[in-house]
């Protein structure tokens, strides 16, 4: 997927290269979690200016696999916040320097949303709120995973609460302070 940000084009894609390949030849920066396990998701990020690539990075983690879609990342004026497996990574634009990375879910981070100056992460096992420095403000879990068999209508942020639905179609409502409403 390609996104516009001021004078830059940001290209984000799933990278299916083997972990044994030298990523330094393909990307300027490599941000992998230290692990002996195979990463189910590796995401390549490239920054272009005037049709020329000026920087690139690859990120990876060992949590569950994630995809790239409109809610898997947030592009702000000078930084990119993106879900990759069970972590959320924050990098500067255009340098792609790692500002922070946070393990926001035990399994997988499905989506991230901006809420005022904070972020709400829809994870497989937890709904969490991070501040702008990537620090966890709160986390909440449910009786089952926060998705449905069809995968639609399972998460919503309204004007007054966050709603999530689990695999058994139980509905959870959380205040923006992380309190359980229902």
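The values are calculated or read from the model by the stated rules, or taken from the named source; none is laboratory data. All values reported here derive from a predicted model rather than from experimental measurement. FYI the Cβ positions are ideal-geometry reconstructions off the backbone, even for glycines, and counts take in every protein chain you see.
Just a few scattered comments:
So that you can scan it fast, the table gives a plain yes or no per residue for (1) more than 20 Å from residue 181 (Cβ to Cβ); (2) surrounded by 21 or more Cβ atoms within 10 Å (Cβ to Cβ); (3) touching a residue at least 60 places away in the same chain (Cβ under 8 Å); (4) in contact with a strand residue (DSSP E or B) (Cβ under 6 Å, 6 or more places away or on another chain):
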residue	(1), (2), (3), (4)
71	yes, no, no, yes
74	yes, no, no, yes
115	no, no, yes, no
121	no, yes, no, yes
133	yes, no, no, no
168	no, no, no, no
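- Just one of the listed residues (45, 112, 54) is at pLDDT 95 or above, part of a strand (DSSP E or B) and either within 10 Å of the chain's Cα centre (by Cα) or under 29 Å from residue 163 (Cα atoms) (or both), namely 112.
- Search result, residues across the range 148-165 that are part of a loop (DSSP other than H, G, I, E, B), surrounded by 14 or more Cβ atoms within 10 Å (Cβ to Cβ) and modelled with pLDDT of 95 or more: 161
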